[in-house]
């Protein structure tokens with residue numbers, strides 16, 4: 001019971017949860033985005049016994065899902081500070097997406113302990129545009145990327161870097177979603 005109370009307290013003390021994660025029965029994080037209802041409808045490649053990378057993990061929802069699906073190794077990466085010049089920030093006026101500037105995902109540490117995870121978290125040195133196989137111990141069989149592109153100044157460059165993390169014959173999966181109506185109603189803010 002003490003461990004469950006400690007887990008609830010850790011969830012409550014984390015200042016921002018981007019993803020909703022179920023950590024234990026009756027312990028669910030208050031994330032901005034809940035992918036649990038759609039996770040099985042995503043176009044997952046076979047990850048069993050493969051080396052996998054989650055780019056822009058924040059709370060680690062996709063990384064933990066890779067692990068759950070049987071990946072041999074999962075590396076999750078994100079920047080340590082969203083003010084580091086990456087172009088990260090709110091994607092739209094009005095706060096539809098949380099303002100990540102000046103914050104980093106602390107969430108993966110909590111589910112990592114709660115799930116006895118083997119997930120390896122690494123902070124990117126500067127930003128996504130500097131991703132390299134050398135920095136992360138080589139290339140990967142499967143690379144996933146959640147809703148990251150909408151936060152970036154140069155999504156094409158980012159996708160080129162992410163694709164460079166895949167081995168020949170590897171799989172790249174992105175959960176990006178583009179809503180034409182939302183795009184028309186909330187054009188990107190120029191900085």
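A few comments on the model shown:
- All positions within segment 157-173 that are assigned to a helix (DSSP H, G or I) and in contact with a strand residue (DSSP E or B) (Cβ under 9 Å, 6 or more places away or on another chain): 158, 159, 161, 162, 163
- Answer residue from segment 19-35, given it is part of a loop (DSSP other than H, G, I, E, B) and closer than 21 Å to residue 118 by Cα and is modelled with the lowest pLDDT among those: 25
- Qualifying residue in segment 90-105 (condition: modelled with pLDDT of 65 or more and either touching a helix residue (DSSP H, G or I) at 6+ places or on another chain (Cβ under 8 Å) or part of a loop (DSSP other than H, G, I, E, B) (or both)): no
- Odd one out for residue 69 among (1) under 16 Å from residue 112 (Cα atoms); (2) modelled with pLDDT of 90 or more; (3) touching a strand residue (DSSP E or B) at 6+ places or on another chain (Cβ under 8 Å): (3)
- Sub-6 Å Cβ pairs linking a first residue in segment 3-16 that is touching a residue at least 60 places away in the same chain (Cβ under 8 Å) to a second residue that is in a helix (DSSP H, G or I), at least 6 apart or interchain, are 7/114; 10/110, ordered by first then second residue.
- Residue 66 being touching a residue at least 60 places away in the same chain (Cβ under 8 Å) and part of a helix (DSSP H, G or I): yes
- Residue match in segment 140-156 (condition: under 21 Å from residue 36 (Cα atoms), in contact with a strand residue (DSSP E or B) (Cβ under 6 Å, 6 or more places away or on another chain), in a loop (DSSP other than H, G, I, E, B) and modelled with pLDDT under 85): no
- Out of 123, 118, one residue alone is at pLDDT below 80 and in a strand (DSSP E or B). It is 123.
The values are calculated or read from the model by the stated rules, or taken from the named source; none is laboratory data. Worth saying up front: this structure is predicted, and the values here are computed from it rather than measured. All Cβ positions, even for glycine, are placed from backbone atoms using ideal geometry, and neighbour counts span all protein chains on display.
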